[in-house]
Amino acid sequence: MSEKRVIEILKSCDALLEGHFRYTSGRHGKRYFEKIRIVQEPKFVDELGRMMAAEMDDIRENIDLVCAPAYGAVVFGFATALHMGRRFAFLQRDSKAQMSVRSGFSSILKGSRVLLVEDVCTTGGSIVESIDALNSAGAEVAMIGLIVDRTNGRLKFKSPCRALLSVDAVSWDIEECPLCRDLIPVTVPGSSGKN
């Protein structure tokens, strides 16, 4: 039921786009999840946070804090923390574009078991960076929660992972992209501040 509802939310916000896109990772694909369109609808952010909290209900007691990387996932992480009754922190990129812990959150992260919430996973790069930043701050990532897993569960991380929606959304390196070969114009949506 939850996967069907996530798709309904994406479609109702026009957040599920088809075309030729360059993702933050640099890879190309024909399907893009425009999460900013969901963020414009607080009722859907709240619902997705409630769904994520419910997905984690069996491990709730093992989670001290919910954390999310800025910027896109922050609202989803916050909504999840609210529905789980847990504290919240977020990560952001520093001046060198490296994922890092905001100084104001260092004290609450140290020794905490964290649920790391990410919005859309394509290559898992931001998740790996986030785990490393949290580990460096003395936190343990007990679970990863994804709104959308574009890899359909193929990526494996140091911590277990659950997704509200898993899809097999193929992506290609630019050199292998059939959409580029067909001269279909590429769109570069959104920006995470990642180089």
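In the set (1) surrounded by fewer than 20 Cβ atoms within 10 Å (Cβ to Cβ); (2) part of a strand (DSSP E or B), the condition left unmet by Arg60 is number (2).
Note on the range 96-150: residues that are within 27 Å of Leu165 (Cα to Cα) and free of Cβ contacts under 8 Å to residues at least 24 places away in the same chain total 1. In the range 3-14, the residues that are within 19 Å of Gly153 (Cα to Cα) reach residues that are outside any helix (DSSP H, G or I) and of a type in the set (Gly, Ala, Ser) with C-beta atoms within less than 8 angstrom, at least six apart or across chains, in these pairs: Glu3/Ser166.
The requirement of being at pLDDT 90 or above, assigned to a helix (DSSP H, G or I) and in contact with a Leu (Cβ under 9 Å, 6 or more places away or on another chain) is satisfied by Asp46. Within the range 71-90, being of a type outside the set (Val, Ile, Thr) and in contact (Cβ under 8 Å) with a residue 40 or more places away in the chain holds for Tyr71, Gly72, Ala73, Phe76, Gly77. Tell me, which residue of the range 1-26 that is surrounded by 18 or more Cβ atoms within 10 Å (Cβ to Cβ) and in a loop (DSSP other than H, G, I, E, B) is modelled with the highest pLDDT? Filtering first and then ranking leaves Ala15. One residue stands out among those in the range 27-40 that are touching a residue at least 40 places away in the same chain (Cβ under 8 Å) and of a type outside the set (D, E, K, R): the one that is surrounded by the most Cβ atoms within 10 Å (Cβ to Cβ), which is Phe33. Can you give me the number of residues within the range 1-60 that are among the charged types (D, E, K, R), within 17 Å of the chain's Cα centre (by Cα) and over 30 Å from Pro178 (Cα atoms)? Of the residues in that region, 4 qualify.
The values are calculated or read from the model by the stated rules, or taken from the named source; none is laboratory data. Just so it is clear, the model here is predicted, and its values are computed rather than measured. We place every Cβ from the backbone using ideal geometry, glycine too, and count neighbours over all the protein chains shown.
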